[in-house]
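Bear in mind that the values in this text are calculations on the coordinates, not laboratory data. Treat the numbers as computed from the prediction; the structure is a model and nothing was measured. Note that each Cβ is placed from the backbone with ideal geometry, even for glycine, and that neighbours are counted across all protein chains shown.
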Amino acid sequence: MILFGPPGAGKGTQAAILAEKTGLVHITTGELFREAIRKETELGRQAKPYYDRGDLVPDALTIGMLLERLAEEDAVHGCLLDGFPRTLEQATALDDALIGQGQAIDKVLCIQVPEDELLGRLAGRWTCRGCGDVYHRQSRWPKVEGRCDRCGGELYQRDDDQPEAVRRRLEVYSRQTAPLIDYYRGQGKLVEVDGYRSVDEVSGELQAALKEL
């Protein structure tokens, strides 16, 4: 399975719920890189210099590490892939690699949320410098302005949560990742879910889509 959607759509929250409910392994690109590097696989060693520098790991290495991960025992019944592919080129390369392994993507779950809602979700997020706890002006705000309820640490807004940075992230998604919607729709694998609802409602629809398999 692939789970994707724009920044702020709630992919991380929904992926965790789906993994717990279905038993599917939740794989993110960050987790994929860290595990391969930690286990010192051949591909992990090749990817480490890119990862350490903060550079993009080449697609071929990423797909190779994904195939390694899918071969592990806990993934034999499938996985929920989050954060990859992000581009049409990555999607076609992933399909080709899976075909070579006698595998395929079964479902692509896309969480759709209006852009103005995404801007509100992302630009309203603040993080504690001390413990990393996250607050939001729309849903959860501290009792003391600017201070964390848990540890009293100062709240700050991460650079990528600043309004202009959020707009740029959404523009990149629209340009690079949104074309995957038509790609997977053409394969008959796409399920679009309205993410402008409660967490439980979105989760319920995602789980219903998976039960069809």
Response to the item:
The base-10 log of I(q)/I(0) that the Debye equation returns for segment 70-213 at q = 0.09, 0.13, 0.14 Å⁻¹, one scatterer per C-alpha, is -0.41, -0.79, -0.88
Discussion item. Quick check: net charge around ASP96, other residues with Cβ under 15 Å of its Cβ, Lys/Arg +1 and Asp/Glu -1?
Written reply: -3
Worksheet item: Using Cα atoms only, what is the angle between the long axis of helix 163-172 and the major principal axis of the chain, expressed in degrees (0 to 90) to the nearest 10?
Response: 20 degrees
Practice prompt. Could you work out the relative contact order of segment 116-185, using alpha carbon pairs under 8 angstrom and six or more residues apart, expressed as a whole percent?
Written response: 30 percent
Worksheet item: Between segment 1-72 and segment 137-203, what is the C-alpha centre distance in whole Å?
Response: 19 Å
Discussion item. So for each of 157-168, 28-39 I average, over its residues, the number of other beta carbons within 10 Å; can you give me the resulting order with the highest mean first?
Written reply: 28-39, 157-168
Discussion item. Quick check on the chain: helices-only [θ] at 222 nm, where DSSP H runs of length 4 and up contribute -39,500 (n - 2.57) each and the sum goes over total residues. Nearest 500, please.
Written reply: -14000 deg cm²/dmol
Fill in: Formal net charge of residues neighbouring SER198 (Cβ-Cβ distance under 14 Å; K, R +1; D, E -1)
-3
Item to complete: For LYS189, list the lysines whose Cα falls under 24 Å from its own Cα; do not include residues on the same chain fewer than 8 positions away.
Response: LYS11, LYS21, LYS107, LYS211
Item to complete: Using only Cα atoms, find the angle between the long axis of helix 199-211 and the longest principal axis of the chain, and express it within 0 to 90 degrees, rounded to the nearest 10.
Response: 10 degrees
Response to the item:
Applied in sequence order to segment 139-144, the curve 6.51 cos²θ - 1.76 cosθ + 1.60 (Karplus, θ = phi - 60°) yields integer Hz couplings, x standing for Gly and Pro, of 10, 8, 10, x, 5, 10
Fill in: Net charge of neighbours whose Cβ lies under 13 Å from the Cβ of GLU212, counting Lys and Arg as +1 and Asp and Glu as -1
+1
Worksheet item: Which of SER198, LEU32, PRO58 sits farthest toward the positive end of the charge dipole of the chain, with +1 on the Cβ of Lys and Arg and -1 on the Cβ of Asp and Glu?
Response: SER198
Item to complete: Run through every distinct alpha carbon pair of segment 1-147 and return the Kirkwood hydrodynamic radius in angstroms, one decimal place.
Response: 17.2 Å
Practice prompt. Evaluate the relative contact order of the chain (contact order divided by residue number), counting alpha-carbon pairs under 8 angstrom at least 6 apart; express in whole percent.
Written response: 26 percent
Fill in: Charge dipole of segment 93-213 about the Cα centre (unit charges at C-beta), most positive-ward option of THR177, TYR156, LEU122
TYR156
Discussion item. Output the 0 to 90 degree angle, nearest 10, between the alpha-carbon long axis of helix 59-70 and the longest principal axis computed from the alpha carbons of the chain.
Written reply: 80 degrees
Worksheet item: Dipole magnitude of the chain about its Cα centre, charges +1 at Lys/Arg Cβ and -1 at Asp/Glu Cβ only, in debye to the nearest 20?
Response: 580 debye
